[in-house]
Ligand SMILES: [Zn+2]
Ligand SMILES: [Zn+2]
């Protein structure tokens, strides 16, 4: 029944099955390739779509890392390639400007988008694909976030973060030989985003217990198994071993697949993400740099785990969350930030975020539980003292 659990990621593409949760699950993506040397698969995928013309989207870093090679390979295979390299001053942001820049390059003959990059490039390609109905293939260059297989596009519009509905990519290609050379902070960020699944899954379970919210054990198991694989070889990730980096990429993509299965971001995003979004939105509104998504999710996971411990959720409801110490140890072992202070979150912002992050979106998490129990302010005070001291 839950055959998906025995399948390699490649075979999950295009899969449909009846699940023990009672739902009929369907994965829309046609292909998922993760591993060493899989970027060569792009030629076969393009052959299948038979486009008249391809728009290749990258930025100046990802063009050098992979885009140029892909462009060459597809030209060699006889396709007409229109290549746009988004230049970045500082970080590339998926905003009106970048989206508009790509849109003007699309003409009637464009029948496929090939996006080469990670978070921002993927978000840009996804919203354009959703609006134009032109399919897109994402060729990941960094295992930095779990958005590859997601179906929503978080964009920066009017200098605020807004999430728009998008589409699943036609195919995902994650070549670990390319990803292992990504900036190390991006690898750390991906690791942090994976770590966040611990508390995301616990929040989902908590809501299942408290509110009878729909829950899928198969989806949970899928995410947990992928996650554990990454934690078994952190040293490999630190040494940029292609296998370990491939495991991180796979867990991130699977977490996107899990969202497709549950029909929302429940298995991938809970209080740790709300905290991270709260910090990010606040920094954007003040025109300040903010940490990479996965780095703040990692710290959000520590905070969430501390609240789980403080409110004795395991004792009361049998929902197991790793101890904050264990999560800090995992973050430390890869070299990622493990406290809001080292992440660059100011004391006042931190205190405010614990109380108000639940307003980011209506979703029951440990923060909502704490609020309902009249414990949220107390948690905010305690945690602020823990990380920033009394003064
Ligand atoms: Zn299910
Ligand atoms: Zn995330």
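What follows is calculated from the coordinates using simple rules that are stated; it is not laboratory data. Treat the numbers as computed from the prediction; the structure is a model and nothing was measured. Neighbour counts are summed over all protein chains in view; Cβ atoms, including those assigned to glycine, are modelled from backbone coordinates with ideal geometry.
List of remarks:
- Spin-label model, residue 11/residue 225: points 7 Å from Cα along the beta carbon direction are separated by 1.1 nm.
- Summary of the geometry: region 27-68 and region 94-161, compared by the centres of their Cα atoms, lie 14 Å apart.
- Neighbour-count ranking [beta-carbon atoms within 10 angstrom, fewest first] of 145, 12: 12, 145
- Two-site FRET efficiency, residue 177 against residue 68, from Cβ-Cβ distance with R₀ of 22 Å, rounded to 0.05: 0.90
- Relative exposure of 321, 137, judged by other C-beta atoms within 10 Å (fewest first): 321, 137
- Most tightly packed first, judged by the mean number of other beta-carbon atoms within 10 Å of their residues, the peptides 284-294, 29-39, 116-126 read 116-126, 29-39, 284-294.
- In percent, rounded to a whole number, the relative contact order of the chain is 15, using alpha-carbon pairs under 8 Å and six or more apart.
- Of the two radii for region 224-372, the radius of gyration is 0.96 times the Kirkwood radius, both from the alpha carbons; that is the Rg over Rh value.
- Legend: calculated FRET efficiency, residue 3 to residue 132, from the Cβ-Cβ distance at R0 = 45 Å, rounded to 0.05, equals 0.80.
- Label zone (residue 97, point 7 Å along Cα-to-C-beta; backbone nitrogen cut-off 14 Å) within region 137-157: 156-157.
- Euclidean distance between Cα centres, region 187-240 to region 288-318, Å: 13 Å
- All-pairs alpha carbon distance profile, region 3-179, 5 Å steps from 0, percent: 1, 8, 18, 22, 21, 15, 8, 4, 2, 0
- The relative contact order of region 3-179 comes to 25 percent, based on Cα pairs under 8 Å that sit 6 or more residues apart.
- Separation of the residue 105 and residue 381 label points, Cα + 7 Å toward Cβ, nm: 5.5 nm
- For the chain, built as a Gaussian network whose Cα springs stay under 10 Å, the top-fluctuating residue of 363, 97, 224: 97
- Rounded, prolate or oblate (a/c below 1.5 giving rounded, otherwise prolate when a/b exceeds b/c) for the chain by Cα gyration tensor: prolate
- Helices in the chain, meaning DSSP H runs of at least 4 residues, each add -39500 (n - 2.57). Divided by all residues, the mean residue ellipticity at 222 nm is -15500 deg cm²/dmol.
- The label point for residue 285 and the one for residue 264, both projected 7 Å from the Cα toward the Cβ, are 2.4 nm apart.
- FRET efficiency for residue 371 and residue 28, using Cβ-Cβ distance with R0 set to 51 Å, rounded to 0.05: 0.90
- Kirkwood Rh in Å, taken over region 108-197 so that all alpha-carbon pairs contribute: 13.6 Å
- Residues 330, 55 arranged by fewest to most Cβ contacts within 10 Å: 330, 55
- Taking 0.36 nm per residue of separation and subtracting the current Cα-Cα distance, fully stretching the chain between residue 211 and residue 346 would add 45.2 nm.
- Relative contact order of region 218-365, defined on C-alpha pairs under 8 angstrom at six or more residues apart (%): 24 percent
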